[in-house]
1. If the requirement is being open to solvent by 20 Å² or more (accessible area, probe 1.4 Å), out of contact with any helix residue (DSSP H, G or I) (no Cβ under 7 Å at 6 or more places or on another chain) and not in a loop (DSSP other than H, G, I, E, B), which of these qualifies: GLU443, GLU457?
2. Would you please name the residue that is most open to solvent (accessible area, probe 1.4 Å), looking only at residues in segment 51-78 that are farther than 26 Å from GLY152 by Cα and assigned to a loop (DSSP other than H, G, I, E, B)?
3. Residue by residue through segment 24-42, note down the ones that are within 16 Å of PRO421 (Cβ to Cβ) and not in a loop (DSSP other than H, G, I, E, B).
4. Are there strands (runs of 3 or more DSSP E) fully within segment 138-237 with at least 2 residues that are closer than 25 Å to TYR288 by Cα and either in contact (Cβ under 8 Å) with a residue 40 or more places away in the chain or over 21 Å from the mean Cα position of the chain (by Cα) (or both)? List them.
5. Can you name the helices (runs of 4 or more DSSP H) wholly within segment 316-434 that have at least 1 residues being open to solvent by 20 Å² or more (accessible area, probe 1.4 Å) and more than 16 Å from the ligand (Cβ to nearest atom)?
Amino acid sequence: MASQLSSWWRNAAIYQVYPRSFQDSNGDGEGDLQGVISRLDYLKSLSIDALWLSPFYTSPNIDGGYDVSNPRDVDPRFGSMRDAEELIREAHKRDLKIIVDIVPNHFSTEHVWFKEALASTPGSQARARFHFYDGRGQSGEIPPNNWCSIFGGPAWSRVHESDGSLGQWYLHLFDSTQADLNWENSDVHADFERTLRFWLEKGVDGFRIDVAHGLAKDEILNDHRDPEALSRALRLDVSEMAQEERESLLLDVPFFDREGVHEIYRNWRKIFDSYPGERMSVAEAWVYPSSRGTRYVRSDELHQIFNFDFLIAEWNADFLRAAIDKTLNEVSQVQAPPTWVLCNHDSPRLVTRLGGGELGEKKARAMALLTHALPGGIYIFQGEELGLEDAILPDNARQDPVFFRTKGADKGRDGARVPLPWIADEKNFGFTEGKPWLPMPSEWSKKSVDLQTKTHESFLEMYRKSLSIRSNHPALKPRISRDVSSEISWLPIQPGVLAFTREPGFTLLSNCNDDPIRVEISGEILLASQSGVTQKDGFTTLPAHTTCWINRTP
Ligand code: NOJ
């Protein structure tokens with residue numbers, strides 16, 4: 001147990017690379033693995049521990065690579081298997097770990113299995129790997145049940161049988177090109193175990209498990225009482241819905257968080273543990289209530305589960321304190337580490353979510369410093385360290401299937417996926433020699449990595465400092481603790497302010513108010529999210545929307 005408690009991933013800072021938007025190396029307008037390799041020194045300069053790469057596997061790329069057609073190969077748009085091997089090697093040389101995505105809920109309809117299923121007859125072995133059923137109604141024209149896709153529209157599509165007639169339906173919780181796999185089928189288990197071993201043998205240090213709560217399905221032939229409301233309720237980060245209605249829908253989702261998923265992860269854990277080094281896994285599993293998430297990180301299952309409380313949080317002291325306490329208490333029950341996520345490729349960027357502009361930026365900086373001082377793992381989405389906002393895109397540039405399946409009602413996730421600005425004075429800010437796959441806002445020159453590196457108070461320099469202090473300060477750096485909830489102690493403080501200590505000697509102060517505050521705490525100021533923090537006579541004054549880290553003097 002002791003070795004598990006001191007494992008690298010318990011307190012790691014993990015940087016999410018969305019390869020298509022990170023760095024292009026061959027001028028085709030899309031990022032690639034050689035591009036990532038060329039920026040490893042930049043990543044190292046952030047004092048992160050690991051990169052998590054969104055999918056770079058063979059894929060028609062309808063859903064940003066989460067529609068995998070061969071999970072054991074590299075899509076030519078991203079490079080080759082040799083590039084993937086080189087990336088793993090080069091990252092390891094710099095003491096950076098590599099986490100890759102695995103997408104077990106569905107395969108692309110371009111996967112050879114799906115093609116075989118289409119060419120086979122109803123009831124065949126090939127169809128049994130997916131969820132194929134006859135339709136209802138006189139000629140099977142009504143889908144097997146009324147579930148909706150999370151991306152909008154029905155969750156079933158009808159196929160043509162080999163004689164050209166309209167035939168069975170298959171289930172797809174996401175896009176119609178992402179056919180859900182049937183996890184009651186032994187071929188599916190065997191194939192994913194093979195994929196895990198394939199990448200473990202290539203040397204990856206872990207897996208981010210896509211839709212980890214979705215593999216087992218119940219009552220697949222029953223209608224849901226309100227499938228459209230259920231899909232809206234599941235988009236926690238974007239949709240507006242009264243809390244009560246959302247809760248009543250989320251308490252029982254027939255395709256998510258069913259008991260059957262845990263058996264799968266117990267088997268996977270044995271595979272991870274059979275490889276040398278500390279291989280890890282993190283579950284993407286939006287479950288309700290969040291306490292059910294701890295079931296995924298029991299000691300014989302997965303290592304981490306994303307905690308998405310901060311992904312939807314406002315800059316509000318009561319909300320944040322309650323979320324921190326709840327999370328620490330929940331994971332402590334199973335001795336798992338907490339995780340903190342401020343944004344990712346599926347959600348609005350942090351500055352945008354907090355209102356955008358100067359104020360949004362101020363709040364985002366303050367929220368980042370709060371997050372970086374918490375115990376556990378933190379996940380940073382590429383460009384978060386630059387303080388990027390979502391780009392405003394014309395509809396004709398959009399590529400996200402969510403936009404198309406909702407007929408434009410939901411603009412989708414492209415705004416957060418626009419390529420990164422590296423060098424202010426270069427074409428496309430150094431991202432590509434070609435035409436970027438999504439247009440890059442001209443004002444992003446000011447946010448480029450090179451300019452921010454030269455600016456002492458920039459977003460990027462703040463991230464560099466906070467992540468570096470986080471990995472060196474004795475109160476923040478990895479420690480061995482069974483009960484992570486005991487790692488922070490809240491201080492009594494006025495409304496709208498968060499104040500906690502971590503031993504030895506660290507104090508955090510976050511002022512979420514619109515006005516400055518003065519508190520009777522002092523010491524060496526290690527870092528502040530903006531200028532203007534002052535100290536006098538044992539008191540610290542913080543401007544509005546500011547976090548500061550203090551080293552208490554004994
Ligand atoms: C979650 C991924 O993060 C998202 O990008 C994807 O669209 C869905 N899962 C479906 O794979």
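1. Answer to the check: GLU443.
2. At the first step, the residues of segment 51-78 found to be farther than 26 Å from GLY152 by Cα are 51-53, 72-78.
Retained after the next criterion (residues that are assigned to a loop (DSSP other than H, G, I, E, B)): 75-78.
Working: ASP75: 16, PRO76: 101, ARG77: 61, PHE78: 10 Å².
Residue satisfying both the conditions and the ranking: PRO76.
3. GLY35, SER38, TYR42
4. The strands (runs of 3 or more DSSP E) meeting that bar are 178-180, 206-209.
5. In segment 316-434, 317-332, 350-353, 357-372 are the helices (runs of 4 or more DSSP H) which contain 1 or more residues that are open to solvent by 20 Å² or more (accessible area, probe 1.4 Å) and more than 16 Å from the ligand (Cβ to nearest atom).
Listed here are the residues, each with its yes/no results for (1) under 21 Å from LEU359 (Cβ atoms); (2) assigned to a strand (DSSP E or B).
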| site | (1), (2) |
| --- | --- |
| SER481 | no, no |
| SER486 | no, no |
| LEU498 | yes, yes |
| ARG518 | no, yes |
| ILE550 | no, yes |
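Results for (1) of a type in the set (Ser, Thr, Tyr); (2) under 22 Å from VAL261 (Cβ atoms); (3) in contact with a Ser or Thr (Cβ under 9 Å, 6 or more places away or on another chain), shown as yes or no for each residue.
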{"position": "ALA128", "(1), (2), (3)": "no, yes, no"}
{"position": "GLN138", "(1), (2), (3)": "no, no, no"}
{"position": "GLU161", "(1), (2), (3)": "no, no, yes"}
{"position": "LEU181", "(1), (2), (3)": "no, yes, no"}
{"position": "ASP205", "(1), (2), (3)": "no, no, no"}
{"position": "HIS213", "(1), (2), (3)": "no, yes, no"}
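The rows are residues; the columns are (1) modelled with pLDDT of 95 or more; (2) closer than 17 Å to GLY123 by Cβ.
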| site | (1), (2) |
| --- | --- |
| GLU141 | yes, no |
| TRP147 | yes, no |
| ASP163 | no, yes |
| GLN168 | yes, yes |
| LEU173 | yes, no |
| ASN182 | yes, yes |
| ASN185 | yes, yes |
| ASP191 | yes, no |
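The values are calculated or read from the model by the stated rules, or taken from the named source; none is laboratory data. Owing to the predicted nature of the structure, the values given are computational and were not obtained by experimental measurement. Cβ atoms come from the backbone with ideal geometry, glycine included; neighbour counts cover every protein chain shown. Side chains included, ligands, DNA and RNA excluded: accessible areas come from the protein's heavy atoms. Shrake-Rupley method; radii C 1.70, N 1.55, O 1.52, S 1.80 Å.
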